Amino acid sequence: MLFYQKWVILEENKPKQRYKDETDKNGNYQIFFELKDDELKPYDSADPVSRGFQLTFDLDNLPKDTYFMPTEVNRLNESQKLFFSYDNRSFEKGEIYERHLYVPQKQWIEVTVVNNQPLGGNSDFAIRNWITYGSGRWSDNDYSKGELACVDYPIKLTEEEVQTFRVPCAANDSNRIALACAEGATTGWYETISPIQKVYVTKDKPGSLQLENNLLAKEFRFKLKAWSDGRTVAPFENIVFLITDWDGKESISIPSSLCSYYDSIVWSADGYPDHLTIYRDLGIPHYTNISEWRCHFFQNKPLYTRLQGYRNGRVMFSDSVQTVIGPRDFLRYDWDDPTISIDAPHYVCSCPLYKEAAFHYYLPAEQNGHLYSKVTLVRNDYETDDAMFTERARKTLSGLMDYHLGEQKSFDLAMAGSLFHCLPTGVKAIAYWQTPSTHALLIEAEAEEGTYPSVYIHAEPR
């Protein structure tokens with residue numbers, strides 16, 4: 001149904017009546033009225049009075065089963081009225097103004113919902129429809145402030161895979177239909193969770209429509225979090241990762257709702273060859289369940305790691321976190337860092353995403369008033385061949401320094417003893433690196449009787 005209103009601001013000839021109204025033969029209603037001079041007076045600081053006007057359409061007498069009513073398109077509206085507000089600056093004398101109001105009739109169609117995900121225990125669903133309603137940008141009643149009015153038709157989904165509902169649409173007009181969900185069932189506000197399908201609805205078409213629910217309920221979703229002891233994470237610094245529920249609640253074990261849904265949950269990162277399984281169901285009592293884990297990274301740039309939940313061989317949900325890893329003078333520390341613990345021992349730096357290499361990192365120590373540090377490669381238990389391990393150590397440590405300190409520099413390695421203050425005696429220099437703050441050597445220490453020479457990095461501030 002199309003309602004039409006037209007009004008005229010009369011000239012200042014002061015008729016006996018301030019307004020009159022009439023309805024033409026087509027049912028269009030017109031109202032003519034005059035505004036007094038003080039009602040047209042513009043707002044200014046000397047007279048700070050707001051003068052406004054409200055046009056009201058009362059649709060209460062329309063058959064509610066036949067037409068879309070204002071309370072259906074806006075749940076905040078407690079009456080079957082539409083309101084349009086104006087201020088006195090909206091009008092000028094002698095001008096004609098029109099307001100068209102469109103209220104569509106209802107046409108019921110069948111909408112089938114296919115559940116591709118398990119339903120949460122605390123969510124409401126609705127079939128959402130955007131229709132033309134009211135007047136253009138249709139009025140202050142539209143909480144979404146869009147060009148179309150949004151109608152949410154609540155439905156009750158069950159664990160059945162397929163359900164069919166009878167839903168009202170705008171007859172002989174375009175409808176934009178989708179599935180919506182209010183998670184938590186307490187907010188009352190729905191969010192669209194399926195693609196929008198645009199259909200023109202008549203008495204005969206469409207016969208039916210299908211929507212798919214691909215939303216994973218929040219109790220089956222998780223979040224990946226990370227934190228470190230330092231304000232800015234550095235290479236070789238300890239980082240703690242943990243999995244929480246979707247609301248961010250931490251637990252000493254993975255939430256049971258996740259364990260009941262996923263076959264496994266895996267942690268990984270692009271560019272890293274390995275992964276860490278933090279949950280896997282191998283049959284009671286054999287299972288993996290890690291809610292918190294630690295890691296050292298050897299790079300010096302931002303890194304995204306992610307958790308992926310698997311079910312029947314498919315990734316059903318994923319979450320990621322960025323860890324910003326910033327460069328330092330020498331791996332974890334700047335040489336002038338006041339937090340350096342000179343007497344602290346070395347510690348092992350390992351990464352479950354790169355299991356091939358683990359390092360002993362020696363915290364900066366002092367000798368004769370000069371700082372130095374060193375890094376060695378951890379030898380695996382199965383590496384029984386001394387020569388093969390030494391070759392791997394040379395290659396791995398050279399790659400580590402190439403990454404952090406740049407390309408190897410041309411250098412008379414015989415002069416190493418005159419440039420480094422803390423270099424042990426009886427060592428052989430193999431390669432040299434240099435930055436504005438640091439220089440480092442790959443060296444080979446003398447072998448003790450019955451052992452093979454050891455290879456490690458020695459670094460000092462410049």
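Bear in mind that the values in this text are calculations on the coordinates, not laboratory data. Remember, predicted model here, so these are calculated numbers, not experimental data. Note: ideal-geometry Cβ built from the backbone for every residue, glycine included; neighbour counts use all protein chains shown.
Over the range 338-403, calculate the relative contact order: mean separation of alpha carbon pairs under 8 Å at least 6 apart, over the residue count, as a percent.
Working: 70 pairs, mean separation 15.0, N = 66.
Relative contact order for the range 338-403 comes out at 23 percent.
Sort W267, W335, W189 by Cβ crowding within 10 Å, fewest neighbours at the top. Write down the numbers at each step before the final one.
Values: W267 22, W335 18, W189 13.
With the fewest neighbours first, W267, W335, W189 line up as W189, W335, W267.
Quick check on the exposure proxy: order R332, R294, R166 from fewest to most C-beta atoms within 10 angstrom. Present the calculation step by step, with values, prior to reporting the outcome.
Details: R332 22, R294 13, R166 10.
Listed from fewest to most nearby Cβ atoms, that is R166, R294, R332.
For the range 52-107 and the range 147-213, what is the separation of their C-alpha centers, rounded to whole Å?
The distance from the Cα centre of the range 52-107 to that of the range 147-213 comes to 25 Å.
Could you tell me the distance between the Cα centroids of the range 370-426 and the range 266-332, to the nearest Å?
29 Å
If every alpha-carbon in the range 308-462 counts as one equal scatterer, what log10 I(q)/I(0) does Debye give at q = 0.08 1/Å?
The Debye formula, applied to the Cα set alone, gives -0.29.
Kirkwood Rh and Cα-based Rg: tell me the resulting Rg over Rh for the range 219-323, rounded to two decimals. Walk me through the intermediate numbers first.
Details: Rg = 13.9 Å, Rh = 14.3 Å.
Using Cα coordinates only, the ratio equals 0.97.
Please order M401, M388 by the number of other Cβ within 10 Å, starting at the fewest.
M388, M401
Quick one: of K106/K218; K225/K301; K106/K156; K374/K395; K249/K301, which pairs are farther than 25 Å apart, Cα to Cα? Numbers along the way, then the final one.
Values: K106/K218 34 Å; K225/K301 18 Å; K106/K156 21 Å; K374/K395 16 Å; K249/K301 29 Å.
Listed pairs above 25 Å: K106/K218; K249/K301.
Which net charge results when you count Lys and Arg as +1 and Asp and Glu as -1 among the other residues whose beta-carbon is under 15 Å from that of P461? Spell out each step's value before the answer.
Numbers: positive: R328, R332, K374, R462; negative: D329, D334, D336, D337, E366, E460.
It works out to a net charge of -2.
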